[in-house]
Amino acid sequence: MATFEEKEKDVLVNFATAVGSALGTVAGKTAAITKPAARRKAARKVKKQVKKQVKKARTRAKKAVRKVESSARKVRRKL
């Protein structure tokens, strides 16, 4: 037979295990929820930077095309 102290110790150990398990589960879910959000935020930032760079590149390309077309018109007029 187990003594009163052993039973009390077993109850405390069981309670601590249950609480620890519950806290571990909550912590795991919290980590799972917060990490993807951070990744999504980083992805949005990268996408925004990419869009900005694409816009700049298109603007530069359009400017270059206009210059070439203008030069070509001038050459055609001289011929």
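FYI, it's all coordinate maths here, none of it is from the lab. Predicted, not measured: the structure shown is a model, and the values here were computed from it. In this analysis, Cβ positions are derived from the backbone assuming ideal geometry, glycine residues included, and neighbour counts consider all displayed protein chains.
Please give, to one decimal in nm, the separation of the simple spin-label points placed at ARG40 and VAL68, each 7 Å out from Cα toward the Cβ.
4.2 nm
Tell me the label-point distance for the pair ALA61, VAL11, using the 7 Å Cα-to-Cβ offset, in nm and rounded to one decimal.
7.6 nm
Give me the distance in nm between label points sitting 7 Å out from Cα along the Cα-to-Cβ direction at LYS78 and LYS52, one decimal.
Between LYS78 and LYS52, the label points sit 4.2 nm apart.
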